[in-house]
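Data first, discussion second: the structure below is written as structure tokens.
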4 protein chains.
Amino acid sequence: MNIAFLGLGAIGRPMATRIAAAKLPLTVWNRTAERAADFARTSGARHAATPADAARDADVIVTCLSTSPDVYSLLDGPDGLLAGMKRGSTLVDCTSGDPGTSRRIAQRLSEAGATFIDAPVSGGVTGAEKGTLTIMVGGDAAVLDRVRPVLETFGQKIVHCGDVGAGDTVKAVNQAFLAIHLLSAAEGLATLVKEGVDPTKALEVINASSGRSNSSMNLIPERVLTRAFPRTFRLALLEKDIGIAADMARENRVPAPVTQLTADVFRIARGELGEIADHVEIVKLVEQWAGVEIA
Amino acid sequence: MNIAFLGLGAIGRPMATRIAAAKLPLTVWNRTAERAADFARTSGARHAATPADAARDADVIVTCLSTSPDVYSLLDGPDGLLAGMKRGSTLVDCTSGDPGTSRRIAQRLSEAGATFIDAPVSGGVTGAEKGTLTIMVGGDAAVLDRVRPVLETFGQKIVHCGDVGAGDTVKAVNQAFLAIHLLSAAEGLATLVKEGVDPTKALEVINASSGRSNSSMNLIPERVLTRAFPRTFRLALLEKDIGIAADMARENRVPAPVTQLTADVFRIARGELGEIADHVEIVKLVEQWAGVEIA
Amino acid sequence: MNIAFLGLGAIGRPMATRIAAAKLPLTVWNRTAERAADFARTSGARHAATPADAARDADVIVTCLSTSPDVYSLLDGPDGLLAGMKRGSTLVDCTSGDPGTSRRIAQRLSEAGATFIDAPVSGGVTGAEKGTLTIMVGGDAAVLDRVRPVLETFGQKIVHCGDVGAGDTVKAVNQAFLAIHLLSAAEGLATLVKEGVDPTKALEVINASSGRSNSSMNLIPERVLTRAFPRTFRLALLEKDIGIAADMARENRVPAPVTQLTADVFRIARGELGEIADHVEIVKLVEQWAGVEIA
Amino acid sequence: MNIAFLGLGAIGRPMATRIAAAKLPLTVWNRTAERAADFARTSGARHAATPADAARDADVIVTCLSTSPDVYSLLDGPDGLLAGMKRGSTLVDCTSGDPGTSRRIAQRLSEAGATFIDAPVSGGVTGAEKGTLTIMVGGDAAVLDRVRPVLETFGQKIVHCGDVGAGDTVKAVNQAFLAIHLLSAAEGLATLVKEGVDPTKALEVINASSGRSNSSMNLIPERVLTRAFPRTFRLALLEKDIGIAADMARENRVPAPVTQLTADVFRIARGELGEIADHVEIVKLVEQWAGVEIA
């Protein structure tokens, strides 16, 4: 089974590394060609000059880009994926995408005799490196079964969520929860610090109580209390993700005031903190507004 | 060490049961006298007719009521706590209280030569029954040390958070997180169900991902997906709790839009669902608004 | 200049009546044919059986429907507008539409040699009857000039706002303001009534102060304090309108938390109050939530 | 009738000027003594060294400070108002106050044989200069009648709203409406500008339509579109005012999500823009967030 991997970003690169380590025949492509050349040099993968070239002999093409429109934009033109993909091949899109665009991509591929599954991942850079990602999949179950060996090189928990787009929907809602948990944690902890409570003590209690979340148990202690704020996942991408969740709520006529409000606060944060800020830096915005440091 | 316990409600009763089971000399009082009489009959505790009577010989008085003003209202009058409490005794208030009222109570007790700690608990009825509650304590550390043997009969993790009121502040913020996590989980899952995704599948993924919380891991699967909605902790009390957290944020000039909005949605929910609804029934309000059932 | 008018609803019917009264040759069509037949009988207008038939000899076709997609859906098919419209004719869409769909309609007409302007109106049934509507127009200025005589039969203030879609955008923002003013007026007045203040007194002051709006000066006194709540403009349509404004804000990356939140509250209200409730009945939802009547 | 006037700020000074111009015997006091000395010099009023001194012979004492607690803090001590006020005199508080503190002040004065009315004003510096202020009064109607001649020197519309505190409640709600109208106008106009619509055109339409408000008709055209942003009324004070309205809503258990959210956005704005920013500068915060100028 020949694999092509397009998009060697923060998460994509360690995912591709796991595929290469599993001795699957791998071709890589990246918009900034140097990153792909560099990867090819160290991993033994082939470096393709264009998406069409990458897709040429591939049975499975994995994409891991910023947005679904980024993936869509790779389809057309003489160098585009559709110019290279062979009938019967499958595009596995690990982008945190939006279900509408995923469905449009699936339709285009279907016309070319190829199949599509959306397969966004959760678990971050570390999860990608260790091969312990959670993968939420939308699309045909038989197609998923066929590409499962590839997914298993970087994913531990692989869940089939429904038809094309279902993976995107679940990912978007997961991200909305993450965004809401982070923002509300910042609101509460800023208040506690101003009340004179040590946030480490507060989290010790909360993390043994009903208010705990992945954010309060892991992100805040490791990244905020330490003031480390490592840049592992861009706030701009989380803003995009919760925006997808908020759009989905509206399109389905689900009143979702907390989701909508958090989406708007992240929109503000993206403007104020910039494109390279990490998602946990939303805490810094609340700290600025409150005039206090959570430490 | 003689103990008095006032407030044999859903959580208070199993807490008092643990104290009695530890063979500590126990006197109980409850506003509805029958509950106290009944408890005394089965546990061997003494049944006091009034708060003053309950406090008479007590070294440690434990209160577990709905609100701090409820506790404050027990202080005065010929039958009030202050008429019975002896110098050197300690009032341990396990109510999910507000720090301002707790400080006023502490001041009143101090004038009478007694001490006060606020010691709200987390862990629910089950935690109270098993003696595994988390207890967040505000007040003097030496006082806490003295009453610790009593707390250890029903609590597992006992954390000293700061001066009087600090326990209340941490509890209120924990409850705010709980309320926000529940409401936002309902928004997201209602959307997923309308998108055609099985919520059990969705939670399987989310609970292995960055968006997980105690609500998504325990409350929703056990109480919502099963449609059981047991009534273990009243929504009206959670509304009161997040209201305390929202007040604290404002008093400390911490912009906390998600907390404030969720407090208002719970205010709406309390009106719509009534005083006996369980806190998880906030999900039903979102379901009604969205026209869908999360199942 | 031959005119066709499609959509004889609450606003459309009095608009068409003004055109007929101005002795302009008029053909009408309505989805429920009986309304058009009835109108034709009393006004002397011709009753067309289909949109294509209505458009046949028309120089100007005026549409006044619920949503832009409703207008779009009239374009195609053997009975559709495009089957009847002649080259050089103009479609004047008085629907409170969305700019995206308006641009798509304009594009379709352009391919058929016809022109389009979006021309939503403000002023309600009374304004339509009196011919005092405000009309906000998007599209080519020369086209507007050509159809201005038709618009002047029912409109008093006609403002060219920009290219196609601009009329829709201004209308949507006006409607968002209306929705926000109504909802916030209800919040404030419910509070005042619970504080024991007579709302008539309060409005007497506010309407002479900086907080006044069209809602506080006209809608609330005439419709709420009197408990008349006449049904003149459906809440469902205002919900649609503020939804367009909220979408536009997001698409333009304008953080607009008050607009987004109000859009969600109207979404809730539409579900709770139903499709035929009047827009001012949003006040009743707040009254229900607050447990008080503003009277 | 001897008058004392305390608080010669932006609004207070022109109010006192009107009293002096009406030839009423006037004593003035100001925390920064120089402002009072300066005023006395030009107006012929007496300059008192302390609040007690100002109150000594006064029949009516008018206060115009930033907050109710500021007024309360003038009551006590050897130089305080209560040390000087004579039995039967009346304190007229024109501060935009909070009803709770006003009631406490009234109680203190009542114990000293004096009376209190809260009489906040609307109309700005210009209204004060011209004597056209709107005055909303809480307190005893007979007391109001007695002091009415004083109020009429600077006020045109004087409305008795109810018992002590009622004036404050109506003022707070008026200010909440002002804050909400300004913020939502900024959201909508920022969106329109990004859509390519001229905001002057948009306001021309909206101000002839159902979405108009005092903000859209006066403040935005005069202060935003001109980019003048004069500093006439501090955003910090409007933030305080809507905070009072938001507190009142919560205390009365009125769900008021738009009011609460706007209060929080103004809290953010006060932090970001500082203590001397004008209230209309809330528009600048939205402009910054949206990356656009409304012009």
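Readers should treat all values here as calculations from the given coordinates under stated rules, not as data from a laboratory. No experiment lies behind these values; they were computed from the predicted model shown. Cβ atoms come from the backbone with ideal geometry, glycine included; neighbour counts cover every protein chain shown.
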Margin query: Need one number: the % of Cα-Cα pairs in the range C:242-289 sitting beyond the 13 Å mark.
Written below: 57
Notebook entry, point to check: Most fluctuating residue of A:ASP98, A:ASP241, A:ASP163 in a GNM of chain A with Cα springs under 10 Å: which is it?
Noted result: A:ASP163
Next item on the list: Starting with the fewest neighbours, write out C:GLU111, A:GLU293 ranked by other beta-carbon atoms found within 10 Å of each beta-carbon.
Entry: C:GLU111, A:GLU293
Margin query: For a quick check: sort D:ARG223, D:ARG212 by the number of other beta carbons within 10 angstrom, fewest at the front.
Written below: D:ARG223, D:ARG212
Next item on the list: Quick one: work out the % antiparallel among DSSP beta bridges in the range D:117-248, nearest 5.
Entry: 35
Notebook entry, point to check: Using a simple spin-label model with points 7 Å from Cα along the Cα→Cβ vector, what separation in nm is obtained for C:GLU275 and B:VAL125?
Noted result: 4.3
Next item on the list: Output the direction-averaged projected area (hull surface divided by four) of the convex hull of the alpha-carbon atoms of the range B:103-241, in nm².
Entry: 10.0
Checklist line | Percentage, to the nearest whole number, of Cα pairs in chain B over 27 Å apart | finding: 43
Check: In cubic angstrom, how much convex hull volume per residue do the alpha carbon atoms of the range B:169-290 span?
Finding: 105
Next item on the list: For the range D:225-255, state which trypsin sites (Lys or Arg not before Pro) are in a DSSP loop and have at most 15 other beta carbons lying within 10 Å of their beta carbon.
Entry: D:ARG227, D:ARG231
Item checked: Average silhouette area of the range D:3-164, convex hull of alpha-carbon atoms, in square nanometres -> 7.8
Next item on the list: Evaluate the relative contact order of chain C (contact order divided by residue number), counting alpha-carbon pairs under 8 angstrom at least 6 apart; express in whole percent.
Entry: 14
Next item on the list: Output the pairs from C:LYS23/C:LYS157; D:LYS86/D:LYS157; A:LYS194/C:LYS194; A:LYS194/C:LYS201; D:LYS23/D:LYS240 with a Cα-Cα distance over 31 Å in this structure; if there are none, say none.
Entry: A:LYS194/C:LYS194; A:LYS194/C:LYS201; D:LYS23/D:LYS240
Notebook entry, point to check: Counting pairs of alpha carbon atoms under 8 Å apart in space and at least six apart in sequence, what relative contact order in percent does the range B:169-290 give?
Noted result: 36
Next item on the list: Work out how much length B:ALA49 to B:GLU293 would gain on full extension: take 0.36 nm times their residue separation and subtract the Cα-Cα distance, in nm to one decimal.
Entry: 83.0 nm
Item checked: Isotropically averaged projected area of the protein assembly as shown, using the convex hull of Cα atoms (one quarter of hull area), nm² -> 51.0
Next item on the list: Helix by helix through chain D, keep the DSSP H runs that span 20 Å or more along the axis on Cα and average at least -0.5 on Kyte-Doolittle, and give those back in order.
Entry: D:166-194, D:235-251, D:257-273
Check: Cysteines of chain D lacking any other cysteine beta carbon under 4.7 Å?
Finding: D:CYS161
Margin query: Looking only at the protein assembly as shown, where both bridge partners belong to it, what percent of the DSSP beta bridges are antiparallel (to the nearest 5)?
Written below: 15
Checklist line | Euclidean distance between Cα centres, the range B:50-83 to the range D:97-120, Å | finding: 34
Item checked: Computed over the range D:35-112, Cα set: Rg, Dmax in Å -> 12.6, 37
Next item on the list: Would you mind telling me the antiparallel percentage of the DSSP bridges in the range C:78-194, rounded to 5?
Entry: 25
